[in-house]
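Trainee: What follows is a structure written as structure tokens; I'll ask about it next.
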Amino acid sequence: MDSIWHIIITSAPQIAVAGLKYTIPIAIISFALGLILAILTALVKLSPKRGWFSIVRAIAYFYVWLFRSTPLLVQLFIVYFGLPYLKIQGIWPNGIQLDPWTAGIATFSLNTGAYCAETIRAAILSIPQGQWEAAYSIGMTKPQVLKRIILPQAARVSLPPLSNSFISLMKDTSLAASITIVEIFEVSQQIAAENYQPLVMYTEAAAFYAILCSLLSWLQGYLEKRTSRYLRPLN
Amino acid sequence: MIKLEHVNKTFGNHQALTDLNVTFNAHETTAIVGPSGSGKSTLLRSLNLLERPESGLYHFNDQVIDFSHPLASKDVLSIRRKTGMVFQDYNLFPHLSVVKNVMEGPVQVLKQQPDAARQTAMDLLDKVGLADKADAYPGQLSGGQQQRVAIARSLAMDPEFILLDEPTSALDPELEAGVLRVLLALAQENDSMIVVTHNMEFARAVADKIIFVEDGRILFDGTPSDFFTKPNQRIADFLAAMTFTTISDKAK
């Protein structure tokens, strides 16, 4: 039997490549898209009930409810394995067939977007009403107030919980193994099937996730320091 | 000139302003006084359209707003550019440096060039005695300094009227004096100011006109000399309630 160190050293490059090619890009792209979706959803949920916009609000509420109330793994299965059977005459006669990469990113984005929307909504609500009033009183429009005054402050407040979501997402990409994406966990499963060393292989995969998440924690600390500069007193 | 006619504002079941009629002249300082919850702040905030009365007319020079109709955002923005607001708790933008706080309106709303806006902002900070704090953040300043920055921020928009909502109520007496001196200087430059205040000494020092509000109605509208020297019974009671020395004076 090979020594444990030999197994780790020979398998590490394959796992690292899987991380670089799949895990990291999927996590970053999904989080970026999810964040955009989250900001839009939060703003819609915070907007006043008025006319046709009530429908948009209802959609936003439904979206957040749906993705927070169902398991991510089940969502992945529905999107990748289920949607091809959604055959509608005239629109999708052959069902919606997504490649694994698209299905994965779409599901991860929608899932993390639902959680982040609530984080951002809470962060916006945490900014005192006086900030809105002061900005309105100098003649700013609502988009200006949001962009210049509210969102920059809300960004600082939402950094820790958003980092939570990003770190969760990084680990949740391991579920992409189930829709045939050869990311870190899938590669470690394949190697374990060959060398019969599941303990070593899965621990090694765990270590890779831990390294990636540690980098994110460090990034969170750096961003928190940067965005909190204005809170530090003189000297 | 600002003129309100038959203005009504309710919060739920509470009638905050009742058929209110009042005129504020340009180049004058008007002090709005009255007991807590009387509607003073609601009146002032209505002038900046932070509150929307349900009915009545708002004249600003030639512009007329009818509160009984939905307001056009163009009208709202135009009124807000002409009325600078100073709040009780300053409401500076904490993530922007002092000079950026002052520049924000001119650059974002008036579309001034940043260099020109910075120069104006520095001149205004100098005027309120805080040019040396230009690069500090609001959280690094005392309350009095923050309020002086807030005054500079409202002046930067070159408003026709400056509206001040209890500008010194959150300050220690020492810091209050610094802010009041700035306001006194503005009053002496004949800026148009409307100030809600609990400080009768200040009202007496700066106001060309006093408005006494109670229960959403104006009970007095006249000169400081009439208000302080010939008060009616209600105003006399109000003024007496603010002083102790008429009741007990250990220095006597």
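Trainee: Quick check: is even one residue across segment A:47-55 loosely packed, with under 14 Cβ neighbours inside 10 Å and either within 30 Å of residue B:88 (Cα to Cα) or of a type in the set (S, T, N, Q) (or both)?
Mentor: yes
Trainee: Checking residue B:115 against (1) at pLDDT 95 or above; (2) within 14 Å of chain A (Cβ to nearest Cβ); (3) surrounded by fewer than 16 Cβ atoms within 10 Å (Cβ to Cβ): exactly one of these is not met. Which one?
Mentor: Tallying (1) at pLDDT 95 or above; (2) within 14 Å of chain A (Cβ to nearest Cβ); (3) surrounded by fewer than 16 Cβ atoms within 10 Å (Cβ to Cβ), residue B:115 fails exactly one: (2).
Trainee: Can you spot a residue in segment B:2-10 that is surrounded by fewer than 21 Cβ atoms within 10 Å (Cβ to Cβ), away from chain A (no Cβ under 14 Å) and at positive phi?
Mentor: Within segment B:2-10, one or more residues are surrounded by fewer than 21 Cβ atoms within 10 Å (Cβ to Cβ), away from chain A (no Cβ under 14 Å) and at positive phi.
Trainee: With (1) of a type in the set (Val, Ile, Thr); (2) free of Cβ contacts under 8 Å to residues at least 12 places away in the same chain; (3) crowded, with 17+ Cβ neighbours inside 10 Å as the list, and residue B:33 as the residue in question, which single condition is left unmet?
Mentor: Only one criterion is unmet by residue B:33, namely (2).
Trainee: Let me ask another. Test of understanding: among A:41, A:23, which residue is modelled with pLDDT of 95 or more, under 13 Å from the mean Cα position of the chain (by Cα) and outside any loop (DSSP other than H, G, I, E, B)?
Mentor: Result: A:23 is the single residue among A:41, A:23 that is modelled with pLDDT of 95 or more, under 13 Å from the mean Cα position of the chain (by Cα) and outside any loop (DSSP other than H, G, I, E, B).
Trainee: In addition: Are there any helices (runs of 4 or more DSSP H) wholly within segment B:141-252 with 2 or more residues that are touching a Cys at 6+ places or on another chain (Cβ under 8 Å) and at pLDDT 95 or above, and if so which?
Mentor: Filter on segment B:141-252 gives an empty set.
Trainee: Look through B:35, B:94, B:70, B:53 and report the one residue that is farther than 30 Å from residue B:200 by Cβ, more than 9 Å from chain A (Cβ to nearest Cβ) and not aromatic (Phe, Trp, Tyr).
Mentor: B:70
Trainee: Another question, if that's okay. Could you tell me whether residue A:149 is assigned to a helix (DSSP H, G or I), within 14 Å of another protein chain (Cβ to nearest Cβ) and touching a helix residue (DSSP H, G or I) at 6+ places or on another chain (Cβ under 7 Å)?
Mentor: Yes; evaluated as a whole, the condition is true for this residue.
Trainee: Return the pairs, sorted by first residue and then second, in which the second residue is in a loop (DSSP other than H, G, I, E, B), the first residue lies in segment A:88-105 and is at positive phi, the beta carbons are less than 8 Å apart, and the residues are 6+ apart or on different chains.
Mentor: Cβ pairs passing all conditions: A:95/A:86; A:95/A:87.
Trainee: Another question, if that's okay. Restricting to segment B:128-140, name every residue that is more than 13 Å from chain A (Cβ to nearest Cβ) and in a loop (DSSP other than H, G, I, E, B).
Mentor: B:128, B:129, B:130, B:134
Trainee: Over 17 Å from residue A:140 (Cβ atoms), buried (at least 18 other Cβ atoms within 10 Å of the Cβ) and within 14 Å of chain A (Cβ to nearest Cβ): is that true of residue B:166 in this structure?
Mentor: Yes; evaluated as a whole, the condition is true for this residue.
Trainee: Related question: Find all pairs meeting these conditions: Cβ atoms under 6 angstrom apart; at least six residues apart or on different chains; first residue within segment B:198-214 and touching a residue at least 60 places away in the same chain (Cβ under 8 Å) and closer than 15 Å to residue B:43 by Cα; second residue surrounded by fewer than 21 Cβ atoms within 10 Å (Cβ to Cβ) and among the aromatic types (Phe, Trp, Tyr).
Mentor: Hits for this filter: B:212/B:220.
Trainee: Next question, about the same structure. Those residues that are more than 22 Å from the chain's Cα centre (by Cα) and modelled with pLDDT of 90 or more, I need them from segment A:83-95; list them, please.
Mentor: A:84, A:85, A:86
Trainee: Could you list, in sequence order, all residues of segment B:169-207 that are buried (at least 19 other Cβ atoms within 10 Å of the Cβ) and among the charged types (D, E, K, R)?
Mentor: Residues satisfying the conditions are B:176, B:191.
Trainee: If you don't mind, another one. Residue B:131: under 30 Å from residue B:241 (Cβ atoms) and at pLDDT 90 or above, yes or no?
Mentor: No, not satisfied.
Trainee: For residue A:147, state whether it is charged (D, E, K, R), exposed (fewer than 14 other Cβ atoms within 10 Å of the Cβ) and within 30 Å of residue B:164 (Cα to Cα).
Mentor: For residue A:147, the condition - charged (D, E, K, R), exposed (fewer than 14 other Cβ atoms within 10 Å of the Cβ) and within 30 Å of residue B:164 (Cα to Cα) - is met.
Trainee: From the list A:113, A:130, pick out the single residue that is part of a helix (DSSP H, G or I), within 14 Å of another protein chain (Cβ to nearest Cβ) and at pLDDT 95 or above.
Mentor: The conditions single out A:130.
Trainee: Considering each residue of segment A:179-222, count those that are in contact (Cβ under 8 Å) with a residue 12 or more places away in the chain and either polar (S, T, N, Q) or within 14 Å of another protein chain (Cβ to nearest Cβ) (or both), and give that number.
Mentor: Total satisfying the criteria: 7.
The values are calculated or read from the model by the stated rules, or taken from the named source; none is laboratory data. It should be emphasised that the depicted structure is a prediction, and the values quoted were computed from it without experimental measurement. Positions of Cβ are generated from backbone atoms using ideal geometry, with glycine treated the same way; all protein chains shown enter the neighbour counts.
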